[in-house]
1. Quick check on my filter: what residues within region 203-241 are more than 15 Å from the ligand (Cβ to nearest atom) and of a type in the set (D, E, K, R)?
2. Taking region 168-197 as the region of interest, how many residues are within 14 Å of the ligand (Cβ to nearest atom) and surrounded by 15 or more Cβ atoms within 10 Å (Cβ to Cβ)?
3. Quick check on region 129-138. Is at least one of its residues in contact with a Lys or Arg (Cβ under 7 Å, 6 or more places away or on another chain), assigned by TED's automatic domain parsing to the domain that holds V198 and either part of a loop (DSSP other than H, G, I, E, B) or under 22 Å from P202 (Cβ atoms) (or both)?
4. Only strands (runs of 3 or more DSSP E) wholly contained in region 210-270 count here; list those with 3 or more residues that are crowded, with 16+ Cβ neighbours inside 10 Å.
5. For the list (1) in a helix (DSSP H, G or I); (2) assigned by TED's automatic domain parsing to the domain that holds E201, I need the number of the one condition that K55 fails.
6. Restricted to region 79-120, and to residues that are assigned to a loop (DSSP other than H, G, I, E, B) and of a type in the set (S, T, Y), which residue is farthest from the ligand (Cβ to nearest atom)?
7. With the condition kept exactly as written, say whether any residue in region 66-73 is modelled with pLDDT of 95 or more, assigned to a helix (DSSP H, G or I) and acidic (D, E).
8. Restricting attention to region 145-154, does a residue exist that is in the same structural domain as I134 (by TED's automatic domain parsing), in contact with a Lys or Arg (Cβ under 7 Å, 6 or more places away or on another chain), at pLDDT 95 or above and more than 15 Å from the ligand (Cβ to nearest atom)?
Amino acid sequence: MTIKECVKKYSSLLKNTTHIPNKEVEILILHILQKNVIWLHLNYNETFDKEKELKKLVKKRATDYPLEYLTNKASFYGEIFEVATNVLIPRPETELLVEQAVEILKDIPNPRVIEIGTGSGIISVMLAKLIKNIKIVAVDINDDALTLASKNAKKHEVEDKITFIKSNLYENVDKEEFIMTISNPPYIANNYKLPKNVEFEPRNALFGGEIGDELLKAIIEQTYKKDIPYLLCEMGYDQKRPLEEYFKKFNIENYSFYKDYSKFDRGFVI
Ligand code: GLN
């Protein structure tokens, strides 16, 4: 069968899974062959001899298993990052968090930033790529995430700008003058029913506690006590009110919320 015929045949199995079935089958073919898109278009009418392998991946994808976990790749901010089942898949919304940080950091010479819950490392790696002379401490409680994040830092040639530390929040971080804390912490309520595809992602990257905002609040409190000037976090669309209340507890007045692409409240900048 040619690549073209395979795309036609197998995309029909993904009609109820994705709105871009052809594209996803092409991506899986490229993953199997370890080739790029240009190669694909030049060879569209050539024979594809790994149909069995493709069938297996397509069938798994048809269970809503994320494409990113099948290819071990995800795109974020126009760049490709390595992912694995023990880290959250990057979300486009999180690009807005990076954008907010860049807006502030671009005017600060030699900024030192700490990221809490780095996961695959996307936020720290992007900041390291975009901001000159930045130094970042990126922490996570998960060893495997830290290994993957440092792999991504190497891939993007910013490993000398980021120090990865295993730590629960600030616990194992030496006292240092940070200008900013940034985080996309787990912020979903424990009892929330996840959509099928999200169920394949690690629970400890998603669930923030009974109410959901517990970790956000811990980050706010600890960052305030450490006198770190800026705090930027992603949050749930319904967490603006309770967090605003929480800011009052510390007399935090200088803050703003930002919205995501669907016009939902998605994060804050203190
Ligand atoms: N910082 C990573 C991201 O934004 C991981 C976040 C998480 O696991 N909650 O994707």
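1. Result: E210, K217, E221, K225, K226, D227, D238, K240, R241.
2. 9
3. Yes, because at least one residue in region 129-138 is in contact with a Lys or Arg (Cβ under 7 Å, 6 or more places away or on another chain), assigned by TED's automatic domain parsing to the domain that holds V198 and either part of a loop (DSSP other than H, G, I, E, B) or under 22 Å from P202 (Cβ atoms) (or both).
4. 230-234, 265-269
5. Failing condition for K55: (2).
6. Selected residue: T85.
7. yes
8. Within region 145-154, not a single residue is in the same structural domain as I134 (by TED's automatic domain parsing), in contact with a Lys or Arg (Cβ under 7 Å, 6 or more places away or on another chain), at pLDDT 95 or above and more than 15 Å from the ligand (Cβ to nearest atom).
The values are calculated or read from the model by the stated rules, or taken from the named source; none is laboratory data. Quantities reported herein were computed from a predicted structural model and do not represent experimental measurements. Ideal geometry is used to build each Cβ from the backbone, glycine not excepted, and the neighbour counts take in all protein chains shown.
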